[in-house]
Structure formats: C-alpha cells, structure tokens
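Asker: Quick one: this structure, given as structure tokens, is what I'll be asking you about.
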Amino acid sequence: MNVFLWIVQAVLAAMFAMSGREKLLRLKDELAGRYPWTAMFSQTAVRAIGVTELLGTIGLIVPAAAGIAPVLTPIAATGLAIMMALAGAMHIRRKEPAGLKVTAVLLMLCVLVAWGRFGPYGWPS
C-alpha cells in the first residue's frame with residue numbers, strides 16, 4: 001500500500017504542478033478556454049490558486065521523501081482536498097459537469113493520500 005500511495009502522490013503532484021504552473025504563468029484571458037471559471041476571478045486570485053497548487057505539490061512529495069516533518073504530506077493532501085471540494089462547489093454552481101468530474105477524481109485521490117498517510121501508512125515520528 002505504501003508504494004501505491006507514493007504512486008498516487010506522484011500523479012497528484014504532477015497534475016497539480018501542471019495546473020498550478022499554468023495558472024501562475026499565464027494571463028487570465030489566456031486561461032479562459034481551458035478554465036472558463038477564471039472569468040469569475042481576478043488575475044491575482046487565479047495566480048494565488050496556482051501558487052497554492054504548487055505549494056501543495058511540494059508538500060505531497062518533499063517532506064516524505066526528505067524524511068523531514070513527513071506529517072506535512074497528509075496535511076498538504078488535506079489542503080488540496082479542501083481546495084477540490086471548493087472547486088467542486090463552484091463547478092456545481094456554474095453547471096459545469098465536465099469540470100466536476102476531474103475535480104471529483106482529484107478530491108478522492110487527495111482524500112486517499114490524507115487517510116493513508118495520517119493513518120495506517122504514515123511515517124513514525
């Protein structure tokens with residue numbers, strides 16, 4: 001199960017890194033085709049979401065891999081799960097079922113990592 005959780009963490013990190021990088025480096029107008037919800041937010045808010053995703057990416061991998069404060073890994077997964085729950089609520093409000101599907105999968109994977117790393121497959125302190 002430990003290897004499986006590492007694979008899930010790596011997949012989540014890759015997904016959030018790509019998404020966060022894009023939101024951080026591109027203008028809101030350039031993102032409108034891929035992320036229609038950006039019309040609701042300011043450029044600063046979109047960039048803040050990107051930074052949060054990138055920080056979550058780092059938190060999913062680095063603490064556990066370095067063995068320094070590995071409890072930060074499930075905390076990062078929990079934070080990303082909360083972000084995805086809020087994103088899901090936004091997609092429901094905007095009636096965007098396609099965005100909701102991806103968000104739901106990411107939410108479930110984040111919850112799985114948080115459960116596994118806080119619980120039976122965590123690291124000893």
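The values are calculated or read from the model by the stated rules, or taken from the named source; none is laboratory data. What you see is a predicted model, and the numbers here were worked out from it, not measured in a lab. Because the Cβ atoms are built from the backbone with ideal geometry, glycine has one as well, and the counts that use them run over all protein chains shown.
Asker: Could you go through the range 46-63 and let me know if any residue there is over 14 Å from TRP6 (Cα atoms), charged (D, E, K, R) and at pLDDT 95 or above.
Answerer: yes
Asker: For the range 60-95, how many residues are under 16 Å from THR38 (Cα atoms), touching a helix residue (DSSP H, G or I) at 6+ places or on another chain (Cβ under 7 Å) and of a type outside the set (A, V, I, L, M, F, W, C)?
Answerer: Count: 3.
Asker: Are there any pairs, at least 6 apart or on different chains, whose C-beta atoms fall under 6 Å, with the first in the range 88-108 and free of Cβ contacts under 8 Å to residues at least 24 places away in the same chain and the second surrounded by 15 or more Cβ atoms within 10 Å (Cβ to Cβ) and among the polar types (S, T, N, Q), and if so, which?
Answerer: So the pair list comes out as GLY88/THR103.
Asker: When you go through (1) touching a residue at least 24 places away in the same chain (Cβ under 8 Å); (2) over 16 Å from the mean Cα position of the chain (by Cα); (3) over 18 Å from MET15 (Cβ atoms) one by one for ARG47, which number turns out not to apply?
Answerer: Here ARG47 meets the rest and fails (2).
Asker: So, of the residues in the range 61-86 that are of a type in the set (A, V, I, L, M) and in contact (Cβ under 8 Å) with a residue 40 or more places away in the chain, which turns out to be surrounded by the fewest Cβ atoms within 10 Å (Cβ to Cβ)?
Answerer: Among those residues, the one meeting the criterion is VAL71.
Asker: Is it the case, given these coordinates, that LEU112 is over 11 Å from the mean Cα position of the chain (by Cα), in contact (Cβ under 8 Å) with a residue 60 or more places away in the chain and surrounded by fewer than 19 Cβ atoms within 10 Å (Cβ to Cβ)?
Answerer: Considered against the rule, which asks whether it is over 11 Å from the mean Cα position of the chain (by Cα), in contact (Cβ under 8 Å) with a residue 60 or more places away in the chain and surrounded by fewer than 19 Cβ atoms within 10 Å (Cβ to Cβ), LEU112 comes out as yes.
Asker: Moving on. Is it the case, given these coordinates, that ARG34 is of a type in the set (D, E, K, R) and over 25 Å from ALA114 (Cα atoms)?
Answerer: Details: of a type in the set (D, E, K, R): yes; over 25 Å from ALA114 (Cα atoms): yes.
When the stated conditions are applied, ARG34 passes them.
Asker: Please determine, by comparing only the residues of the range 1-60 that are of a type in the set (Phe, Trp, Tyr) and surrounded by 14 or more Cβ atoms within 10 Å (Cβ to Cβ), which one is nearest to ALA87 (Cα to Cα).
Answerer: Within the range 1-60, the match that is nearest to ALA87 (Cα to Cα) is TRP37.
Asker: Let me ask something else. Is it the case that some residue within the range 53-60 is hydroxyl-bearing (Ser, Thr, Tyr) and out of contact with any Phe, Trp or Tyr (no Cβ under 8 Å at 6 or more places or on another chain)?
Answerer: The answer is no, given that none of the residues of the range 53-60 is hydroxyl-bearing (Ser, Thr, Tyr) and out of contact with any Phe, Trp or Tyr (no Cβ under 8 Å at 6 or more places or on another chain).
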